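Encoded as structure tokens, the structure appears first; notes follow it.
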Amino acid sequence: MWKKLCIACAAVVLLLLGGALVWLLLPQREIPSVLESLNVDAEDVTDWSRVIAYVPLDDRTDNLEDVVYLAEASGYQVVLPPGDSYCTKLDGQTPNSNGTQYGDREVLFLWLREMEERGCDLYLLSLDQLFSGGLVNSRAVSAPAELVFEDGTRMSETEAFDRFVLSLAQKPENEIHLFDSVVRLASTVGYQGFGLAEYTALRYYGMEPRPTLEGEELTLENVFSAYPYGEDGVTAAEEGMEQYREDLTEEMIRDYLGVRRRKLQLTDYVISALKSAPHDNIHLLIGIDDSSNATNIQYNELSYLSRAAGRGTTLLTGLDSLARLLVGQIAQNRYGHQVKTYLRYIGGSEGAPSSEYDIHTLEKTVDLHMELFQARRVPEDEAELQLLVMTAPDDPAKAEEYCEELVSQLEENCRNRVPTILLEASNNAYGERLEQMLFQRVDFGSLLAFAGKYDQANVTGAAFAMGFSRYLYLACHEEKDEAGDVAHVRQLANSMALTYPYILHTRYELNVFIKNLRDNYNNLSPDHHIRNRLIQAYLERRFLPLCDKVTENLQGSRLITSLAPYEEKEITSVSIRDAYLPWNRTFELSFTIDVGPLVPTGN
């Protein structure tokens, strides 16, 4: 009897092992790319007056689906460049169709001409993409990079800008929004041989205090001349960095300084060009990428750009929210309405930076975004819109009190039909306590916007863009449609799922799982078929069930679909599926969001 039982158990084990082996060896299920679902063929466009021709910073979630969802929720349609012409591939990944790891600049410039010929008059363009092939490559190009077109025509970067971008401003009916970045303190892990050690060494090198320039000394050449030196202007900046010297070579420093020089020269050229544009229809938004409030290598660059900025140029903290902010600017320009806004902080820490990556205090960051949208700050009883900002607790003993204060206000706003933006800027200082209270007592579907993930400069921009754009659409747009409402549900679900199920509950565990498989979560090896199957299975098993609380919260929520007159629709169903890592690293996540019919409530 015992012998038969052992044989039976062994057979079951072998059967399970065999099944697992078959599963691992079968071709991996093809997960549909969000990129494919977002592409709109220019041939299918019927109304070019509501089309935004968009050249993205890259193909990450913040710059792709988040922007498309926001534009659609605000009454616009986004047309993207063809194929993978704006995509970035990390080391070891399958290259783009042009054979490189970065975007195809020549294709993108020619695509702009095609959009103009088709009758487009709204443009949202990343200069990092057009000049360098994307954000990551803009941190790697250390010398002027000539463009070579298929017909043999050669142009410098600035010549191409004049020919294809600045020329758009010659037509007063065109509206051109550009965005650019100030180079962050270090390059990208997993790109052109850079690992975490090199990233850390360069970031500390960039953080070393530099000589500060003021007045007449603040010239472009003096900024460049100060790059290599420490605070005294004499000692090399790398002195005193013994613990990083093994990973910080002279070649790395030379390339790093070349990258900064090239980027600043290009940005300075564009600022000057905009000042002489014939019409007030081209604007530049410059984002500060990863910095701190110190006299590091960015300090003189920021001082120079602040002084050089004039007509048509704005400098702002954050980067991955810039495209969304500019969608909001398009809506602001269209409707010309200054939203009367009641701003309330809860938690008491708005007077401090939210993290080491923020150059301003949270309050200053919010104020800058209020100015960008020309919002009028008014008392609560005069407001059209409420902006609630949850900060980290200034007194940890009051954490429970702050959570209750926020949730009670959100419940009251929902009852009273008050349009509300929730900016959750606490950097998870309340742990799961706040999360549980929000999901149990707040209908996220009733919000105009929700944002709450990683560095607060980007979170603030995301909340403002989503909230103000949607408000202007609801209050001012005459012909609303179901597609815009569905897109709004998608952007809420996307923000909720990325913030809680993924960033707070999945990503760390996924990183540990990948490390235990001896892979690199900053750049997964595409050649390890079995390992990638296991990683994908872990991601789906861990993340997707946690999304149930997102979809359950949204289902049955009453979505505001008009403000004049006030109207609502009930969200009947939401589902999240097909999660994948678009850059083969765990920092980003993409997934498909299905939304069922929206049913008028009758109010």
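Just so you know, all these numbers are worked out from the coordinates, no wet-lab data involved. These figures come from a predicted structure and were not determined experimentally. Glycine gets a Cβ as well: all are built from the backbone with ideal geometry, and neighbour counts include every protein chain shown.
Data for the structure
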quantity: Proximal charge balance of T212 [Cβ under 12 Å; K/R count +1, D/E count -1]; calculated: -4
quantity: Cα shape, segment 342-477, gyration tensor, a/c 1.5 rule; calculated: oblate
quantity: Helix-derived mean residue ellipticity, 222 nm - over the chain, DSSP H n ≥ 4, -39500 (n - 2.57), to 500; calculated: -13000 deg cm²/dmol
quantity: Relative packing of peptides 546-557, 314-325 - highest average C-beta neighbours within 10 Å first; calculated: 314-325, 546-557
quantity: Three-way shape label, segment 461-603, alpha-carbon gyration tensor, a/c 1.5; calculated: prolate
quantity: Proximal charge balance of Y502 [Cβ under 10 Å; K/R count +1, D/E count -1]; calculated: +2
quantity: Kyte-Doolittle at least 1.0, axis length at least 27 Å by Cα - qualifying DSSP helices, the chain; calculated: 2-25
quantity: For T341, residues with placed amide H under 5 Å, excluding near neighbours; calculated: R376, R377, V378, E384
quantity: Among beta bridges that DSSP assigns inside the chain, antiparallel share in %, nearest 5; calculated: 30
quantity: Per-residue Cβ neighbour rank within 10 angstrom, fewest leading, W111, W48; calculated: W48, W111
quantity: Packing-based ranking, highest mean first, of 118-130, 84-96 given that Cβ atoms within 10 Å are counted; calculated: 118-130, 84-96
quantity: Most positive-pole-ward Cα, V107, W583, L563, against dipole of the chain from beta carbon charges; calculated: W583
quantity: Ranking of R542, R245 by count of other Cβ atoms within 10 Å, fewest first; calculated: R245, R542
quantity: Net +/- balance of residues flanking D527 in space, Cβ distance below 15 Å, scoring K and R +1, D and E -1; calculated: +2
quantity: Restricting segment 414-513 to GluC sites (Glu not before Pro) in coil, as DSSP defines it, with at most 12 other Cβ within 10 Å; calculated: E478, E479
quantity: Three-way shape call for the chain based on the alpha-carbon gyration tensor, with the a/c threshold at 1.5; calculated: rounded
